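Read through the structure below, which is laid out as C-alpha coordinates, and then see the notes.
The values are calculated or read from the model by the stated rules, or taken from the named source; none is laboratory data. Note that the structure is predicted; figures quoted are calculated from it, not measured. No Cβ is skipped: glycine too gets one built from the backbone with ideal geometry, and neighbour counts run over all protein chains shown. Keep in mind that these areas ignore ligands, DNA and RNA; they rest on the heavy atoms of the full protein, side chains included. Shrake-Rupley method; radii C 1.70, N 1.55, O 1.52, S 1.80 Å.
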Amino acid sequence: MDLTKFQWTREPESFRIEGGRIEIVTRPHTDLWQRTYYHFRNDNAPVLQTETGERYFSFTVKTNFSESRRRFDQCGVVMYLDSENWLKASVEYENGEFSHLGSVVTNGGYSDWATTVIPADLGTMWYRLSRREDDYRIECSKDGVYFEQMRICHMQKGGGDIHFGVYACSPEDSSFRAVFTDMQMTECKWPAHDGQQPDGE
(Lines give C-alpha, C1' and ligand atoms only; values in the text may rest on other atoms or scores of the structure.)
Protein backbone atom coordinates (compact mmCIF):
# COMPACT_ATOMS: atom_id res chain seq x y z
CA MET A 1 0.00 0.00 0.00
CA ASP A 2 1.06 3.58 -0.64
CA LEU A 3 1.66 4.89 2.87
CA THR A 4 2.16 8.44 1.56
CA LYS A 5 -1.62 8.57 1.16
CA PHE A 6 -2.20 7.87 4.85
CA GLN A 7 -2.97 10.87 7.06
CA TRP A 8 -3.03 11.39 10.81
CA THR A 9 -6.25 12.20 12.62
CA ARG A 10 -4.07 12.76 15.69
CA GLU A 11 -0.32 12.29 15.86
CA PRO A 12 1.25 10.03 18.52
CA GLU A 13 4.17 10.78 20.85
CA SER A 14 6.47 9.88 17.99
CA PHE A 15 6.29 7.79 14.86
CA ARG A 16 8.31 6.42 11.95
CA ILE A 17 7.03 5.38 8.52
CA GLU A 18 9.50 3.65 6.25
CA GLY A 19 9.51 0.84 3.73
CA GLY A 20 5.96 -0.39 4.39
CA ARG A 21 6.49 -0.31 8.16
CA ILE A 22 4.75 2.00 10.62
CA GLU A 23 6.01 2.50 14.17
CA ILE A 24 3.90 4.39 16.69
CA VAL A 25 4.97 5.38 20.20
CA THR A 26 1.85 6.09 22.23
CA ARG A 27 1.14 8.93 24.60
CA PRO A 28 -0.21 8.17 28.09
CA HIS A 29 -3.96 8.59 28.68
CA THR A 30 -5.00 8.10 25.04
CA ASP A 31 -7.98 5.98 24.00
CA LEU A 32 -11.10 5.59 21.84
CA TRP A 33 -14.35 4.96 23.70
CA GLN A 34 -17.85 6.45 23.76
CA ARG A 35 -20.29 6.54 26.69
CA THR A 36 -21.46 2.93 27.18
CA TYR A 37 -21.15 1.50 30.71
CA TYR A 38 -18.13 3.53 31.82
CA HIS A 39 -20.02 6.81 31.21
CA PHE A 40 -16.96 8.61 29.93
CA ARG A 41 -15.86 9.58 26.45
CA ASN A 42 -12.28 9.31 25.18
CA ASP A 43 -11.44 10.45 21.68
CA ASN A 44 -7.71 11.20 21.61
CA ALA A 45 -5.96 8.08 20.28
CA PRO A 46 -3.59 8.54 17.34
CA VAL A 47 -5.18 7.24 14.13
CA LEU A 48 -3.40 6.88 10.76
CA GLN A 49 -5.74 6.25 7.84
CA THR A 50 -6.27 6.33 4.10
CA GLU A 51 -9.51 7.04 2.24
CA THR A 52 -11.46 4.92 -0.22
CA GLY A 53 -14.78 4.86 -2.01
CA GLU A 54 -14.48 1.14 -2.79
CA ARG A 55 -17.63 -0.68 -1.64
CA TYR A 56 -16.07 -4.17 -1.60
CA PHE A 57 -12.53 -4.73 -0.33
CA SER A 58 -10.39 -6.28 2.40
CA PHE A 59 -7.58 -4.60 4.35
CA THR A 60 -5.02 -6.78 6.10
CA VAL A 61 -2.33 -5.69 8.58
CA LYS A 62 0.09 -7.38 10.98
CA THR A 63 0.50 -5.78 14.40
CA ASN A 64 3.35 -6.19 16.87
CA PHE A 65 2.59 -5.10 20.42
CA SER A 66 5.29 -7.11 22.22
CA GLU A 67 6.49 -4.00 24.08
CA SER A 68 3.12 -3.34 25.75
CA ARG A 69 3.40 -3.74 29.51
CA ARG A 70 0.63 -1.71 31.13
CA ARG A 71 -3.08 -2.34 31.44
CA PHE A 72 -5.12 -1.50 28.33
CA ASP A 73 -2.11 -0.78 26.08
CA GLN A 74 -3.42 -1.63 22.61
CA CYS A 75 -2.92 -1.37 18.86
CA GLY A 76 -4.79 -2.65 15.86
CA VAL A 77 -6.96 -1.95 12.83
CA VAL A 78 -9.42 0.95 12.78
CA MET A 79 -12.08 2.59 10.66
CA TYR A 80 -12.55 6.04 12.16
CA LEU A 81 -15.31 8.07 10.49
CA ASP A 82 -15.83 10.68 13.19
CA SER A 83 -15.76 10.84 16.99
CA GLU A 84 -19.09 9.01 17.35
CA ASN A 85 -18.87 6.50 14.50
CA TRP A 86 -15.93 4.09 14.24
CA LEU A 87 -14.77 0.53 14.78
CA LYS A 88 -11.50 -0.97 15.98
CA ALA A 89 -9.97 -4.37 16.71
CA SER A 90 -6.94 -4.96 18.90
CA VAL A 91 -5.26 -6.87 21.69
CA GLU A 92 -5.43 -5.03 25.01
CA TYR A 93 -2.79 -5.91 27.57
CA GLU A 94 -4.35 -6.83 30.92
CA ASN A 95 -1.63 -8.39 33.11
CA GLY A 96 1.24 -10.87 33.02
CA GLU A 97 -1.12 -13.80 32.55
CA PHE A 98 -3.64 -12.75 29.89
CA SER A 99 -4.73 -10.07 27.43
CA HIS A 100 -8.03 -9.30 25.74
CA LEU A 101 -8.43 -9.84 22.01
CA GLY A 102 -11.45 -7.81 21.08
CA SER A 103 -13.30 -5.33 18.93
CA VAL A 104 -15.31 -2.19 19.54
CA VAL A 105 -18.07 -0.90 17.27
CA THR A 106 -19.36 2.62 17.88
CA ASN A 107 -22.54 3.83 16.20
CA GLY A 108 -24.14 7.16 17.09
CA GLY A 109 -21.88 7.81 20.06
CA TYR A 110 -22.28 4.48 21.90
CA SER A 111 -19.57 1.81 21.99
CA ASP A 112 -19.75 -1.91 22.57
CA TRP A 113 -16.84 -4.21 23.40
CA ALA A 114 -16.65 -7.89 22.47
CA THR A 115 -13.63 -9.79 23.84
CA THR A 116 -11.99 -13.12 24.42
CA VAL A 117 -9.02 -13.94 26.64
CA ILE A 118 -5.67 -14.86 25.07
CA PRO A 119 -2.24 -15.57 26.64
CA ALA A 120 -0.27 -12.46 27.62
CA ASP A 121 2.89 -13.70 25.93
CA LEU A 122 1.34 -13.41 22.48
CA GLY A 123 3.00 -10.36 20.93
CA THR A 124 1.69 -10.25 17.36
CA MET A 125 -1.69 -10.46 15.66
CA TRP A 126 -2.99 -10.09 12.10
CA TYR A 127 -6.31 -8.39 11.34
CA ARG A 128 -8.46 -8.33 8.24
CA LEU A 129 -11.18 -5.70 7.82
CA SER A 130 -13.59 -6.48 4.99
CA ARG A 131 -16.31 -4.26 3.57
CA ARG A 132 -19.51 -5.11 1.72
CA GLU A 133 -21.22 -1.74 1.22
CA ASP A 134 -22.18 -0.55 4.73
CA ASP A 135 -21.59 -3.90 6.46
CA TYR A 136 -18.19 -4.94 7.79
CA ARG A 137 -16.40 -8.04 9.02
CA ILE A 138 -13.35 -8.16 11.30
CA GLU A 139 -11.13 -11.23 11.39
CA CYS A 140 -7.92 -12.10 13.23
CA SER A 141 -5.06 -14.51 12.63
CA LYS A 142 -1.98 -15.67 14.52
CA ASP A 143 -0.08 -16.57 11.33
CA GLY A 144 -1.50 -14.36 8.58
CA VAL A 145 -2.85 -17.41 6.75
CA TYR A 146 -5.79 -18.80 8.71
CA PHE A 147 -8.24 -16.06 9.76
CA GLU A 148 -11.04 -16.43 12.28
CA GLN A 149 -14.11 -14.21 12.35
CA MET A 150 -14.36 -11.82 15.29
CA ARG A 151 -17.57 -10.06 14.31
CA ILE A 152 -19.89 -8.79 11.60
CA CYS A 153 -21.39 -5.33 12.08
CA HIS A 154 -23.32 -2.57 10.37
CA MET A 155 -22.01 0.99 10.39
CA GLN A 156 -24.69 3.65 10.26
CA LYS A 157 -22.35 6.09 8.50
CA GLY A 158 -20.31 3.44 6.69
CA GLY A 159 -22.03 3.45 3.30
CA GLY A 160 -20.07 6.12 1.46
CA ASP A 161 -16.44 7.13 1.30
CA ILE A 162 -14.62 5.89 4.38
CA HIS A 163 -11.27 6.14 6.13
CA PHE A 164 -9.47 3.09 7.51
CA GLY A 165 -6.03 2.19 8.81
CA VAL A 166 -4.25 1.63 12.12
CA TYR A 167 -4.18 3.03 15.63
CA ALA A 168 -2.37 2.59 18.95
CA CYS A 169 -3.02 4.02 22.38
CA SER A 170 -2.30 3.77 26.12
CA PRO A 171 -5.38 4.59 28.21
CA GLU A 172 -3.47 4.62 31.51
CA ASP A 173 -0.18 6.25 32.52
CA SER A 174 2.03 4.36 30.07
CA SER A 175 3.61 4.39 26.65
CA PHE A 176 4.79 1.67 24.27
CA ARG A 177 5.96 1.11 20.70
CA ALA A 178 3.51 -0.51 18.28
CA VAL A 179 4.65 -1.80 14.88
CA PHE A 180 2.48 -2.34 11.78
CA THR A 181 3.64 -4.27 8.71
CA ASP A 182 2.37 -6.40 5.81
CA MET A 183 -0.47 -4.03 4.91
CA GLN A 184 -2.53 -4.97 1.88
CA MET A 185 -5.75 -3.79 0.30
CA THR A 186 -7.23 -6.52 -1.90
CA GLU A 187 -10.48 -7.69 -3.44
CA CYS A 188 -13.07 -8.51 -0.79
CA LYS A 189 -12.23 -11.77 1.01
CA TRP A 190 -15.70 -11.84 2.59
CA PRO A 191 -17.93 -13.93 0.26
CA ALA A 192 -21.49 -12.91 -0.48
CA HIS A 193 -24.05 -14.68 1.70
CA ASP A 194 -25.42 -17.84 0.09
CA GLY A 195 -28.00 -18.90 2.68
CA GLN A 196 -31.38 -17.46 3.60
CA GLN A 197 -32.56 -14.80 1.17
CA PRO A 198 -33.16 -11.23 2.36
CA ASP A 199 -36.68 -10.28 3.43
CA GLY A 200 -38.90 -9.37 0.51
CA GLU A 201 -37.07 -11.50 -2.05
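Between Glu18 and Ser141, what is the spin-label point distance in nm, taking each point 7 Å from the Cα along the Cα→C-beta axis?
For Glu18 paired with Ser141, the spin-label model returns 2.8 nm.
Can you list the residues of region 34-60 with backbone N under 20 Å from a point 7 Å past the Cα of Glu11, pointing along Cα to Cβ?
From region 34-60, the list is 43-51.
Determine the per residue accessible area of the chain with all protein chains present and a 1.4 angstrom probe, expressed in square angstrom.
About 50 Å² of surface per residue is accessible.
Report the FRET efficiency, 1/(1 + (r/R0)^6), for Glu97 and Asp182, where r is their Cβ-Cβ distance and R0 is 25 Å, rounded to 0.05.
My answer for the efficiency is 0.30.
Identify, among Val105, Ser170, Gly76, the residue whose Cα sits farthest towards the positive end of the charge dipole of the chain, taking +1 on the Cβ of Lys and Arg and -1 on the Cβ of Asp and Glu, with the dipole about the Cα centre.
Sorting the options by dipole projection puts first Ser170.
If I take R0 = 30 Å and measure r between the Cβ atoms of His154 and Asp121 in this structure, what FRET efficiency does the formula 1/(1 + (r/R0)^6) give, to the nearest 0.05?
According to the calculation, E is roughly 0.30.
Thinking of region 102-195 as a set of Cα atoms, what percent of all their pairs are more than 18 Å apart?
56 percent
What part of the accessible area of region 73-194, given as a whole %, is carbon or sulfur when the probe is 1.4 angstrom?
Result for region 73-194: 44 percent of the exposed heavy-atom area is carbon or sulfur.
In debye, nearest 20, what is the charge dipole magnitude of the chain about its Cα centre with +1 on Lys and Arg Cβ and -1 on Asp and Glu Cβ, if you could check?
280 debye
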